Amino acid sequence: MSSSLKRELELAKEAAVEAGKIILSHYDTDYQVQLKAGSEPVTIADKSSSNYIIEAISRKFPKDAIVSEESALPSGLASENRIWVIDPMDGTKEFINHNGEFAVMIGLVREGNPIMGVVYQPVTGMMTWGSTGEGAYVQHPNSTPQRLQVSNEASLENLCLAASRSHLTPELEEIYHKLGFSHMIQAGSLGLKFAMIARQLCHIYFNLSNLTSAWDTCAPEVILREAGGRVSNLFGYRLTYTFSHVRNRKGVLATNGPVHDYLVEQIQMLLTQMTQEELSV
């Protein structure tokens, strides 16, 4: 591993595990669910995890900027060289629904590019991680790390979609149908869905909305990219981490690679067609 990221990766992995313990300490308790902007739920588990991770990073890397979903966005981020990007609990709805499909995600951006990411699932103890040029790995409890490599499957009829468990809209289902996909696995947490592609359990994930944010995609993007996959917006361009805004305004497309450009073309064609149909009504 590049010595320049060894300390950062070790810290991210340790912090993710400890944050996972904090989250699980609230899992079976009578916690309150609050609503934040966009009517998204938030719990004490989200906030406690965020506070722990921010403190852990600040202690080891006091000069670095930190962005967390559960904290106000710091000012002056555009001038920062290194920015840690945290989703202290990706999949709060799945935490509330008690199905285990939530994750702690910690990423690091340097000069606008994601360079390191950790995604940890507290309920199963599965951890995936990657850093630029060093590959991506998965580790289950009491086992050795295994290097991740996406499937090279390129035949559309054989491809499996990783679909949202809590945000599967009729529009998305219509597009899945029109693209000819017949295999789909629903799961919570965008990070876990990206990991499913890296682990060859699925091949494709896409989100048509502008509702995902930098903390949803930063860490998972590094992992999937290092496993040989591709991540872009719906127009085929890289996601941005300059923090002039935090939203992925033009959607997200993640694939195992071979069908990426074709899907960009097909999704754009379908969205244009659907817009024209709406306007003609």
Response to the item:
Note: among PHE235, PHE243, just one is in a loop (DSSP other than H, G, I, E, B), on the phi < 0 side of the Ramachandran plot and outside the structural domain of ILE115 (by TED's automatic domain parsing), namely PHE235
Item to complete: Kindly provide the set of residues from the stretch 73-86 that are at pLDDT below 90, within 19 Å of SER213 (Cβ to Cβ) and either in contact with a helix residue (DSSP H, G or I) (Cβ under 9 Å, 6 or more places away or on another chain) or part of a helix (DSSP H, G or I) (or both), ordered by number.
Response: LEU77, ALA78
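Determine whether the stretch 42-55 contains at least one residue that is loosely packed, with under 13 Cβ neighbours inside 10 Å and either modelled with pLDDT of 95 or more or assigned by TED's automatic domain parsing to the domain that holds LEU108 (or both).
In the first step, residues of the stretch 42-55 are kept if they are loosely packed, with under 13 Cβ neighbours inside 10 Å; the result is 55.
Pick out the ones that are also either modelled with pLDDT of 95 or more or assigned by TED's automatic domain parsing to the domain that holds LEU108 (or both) and you get 55.
Yes, some residue in the stretch 42-55 is loosely packed, with under 13 Cβ neighbours inside 10 Å and either modelled with pLDDT of 95 or more or assigned by TED's automatic domain parsing to the domain that holds LEU108 (or both).
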Fill in: Qualifying positions in the stretch 37-52 - closer than 19 Å to THR217 by Cβ and assigned to a loop (DSSP other than H, G, I, E, B)
GLU40
Worksheet entry | Matching option when the condition is under 29 Å from SER166 (Cβ atoms), of a type outside the set (Ser, Thr, Tyr) and assigned to a helix (DSSP H, G or I), among GLU94, GLU101, GLU55, GLU70 | GLU94
Fill in: Condition check for VAL118: touching a Gly at 6+ places or on another chain (Cβ under 7 Å) and either on the phi > 0 side of the Ramachandran plot or touching a residue at least 60 places away in the same chain (Cβ under 8 Å) (or both)
no
Worksheet item: Only one of (1) surrounded by 15 or more Cβ atoms within 10 Å (Cβ to Cβ); (2) outside any helix (DSSP H, G or I); (3) out of contact with any Asp or Glu (no Cβ under 8 Å at 6 or more places or on another chain) fails for ILE185. Which number is that?
Response: (1)
Discussion item. Tell me the residue from LEU73, LEU77, LEU156 that is over 18 Å from the mean Cα position of the chain (by Cα) and within 20 Å of ILE197 (Cα to Cα), please.
Written reply: LEU156
Discussion item. Looking at GLU153, GLU173, GLU157, can you tell me which residue is within 22 Å of MET274 (Cα to Cα) and surrounded by fewer than 18 Cβ atoms within 10 Å (Cβ to Cβ)?
Written reply: GLU173
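The values are calculated or read from the model by the stated rules, or taken from the named source; none is laboratory data. As the structure is a computational prediction, the values presented were derived from the model and not from experiment. Every residue, glycine as well, gets a Cβ built from its backbone with ideal geometry; the counts of neighbours run over all protein chains shown.
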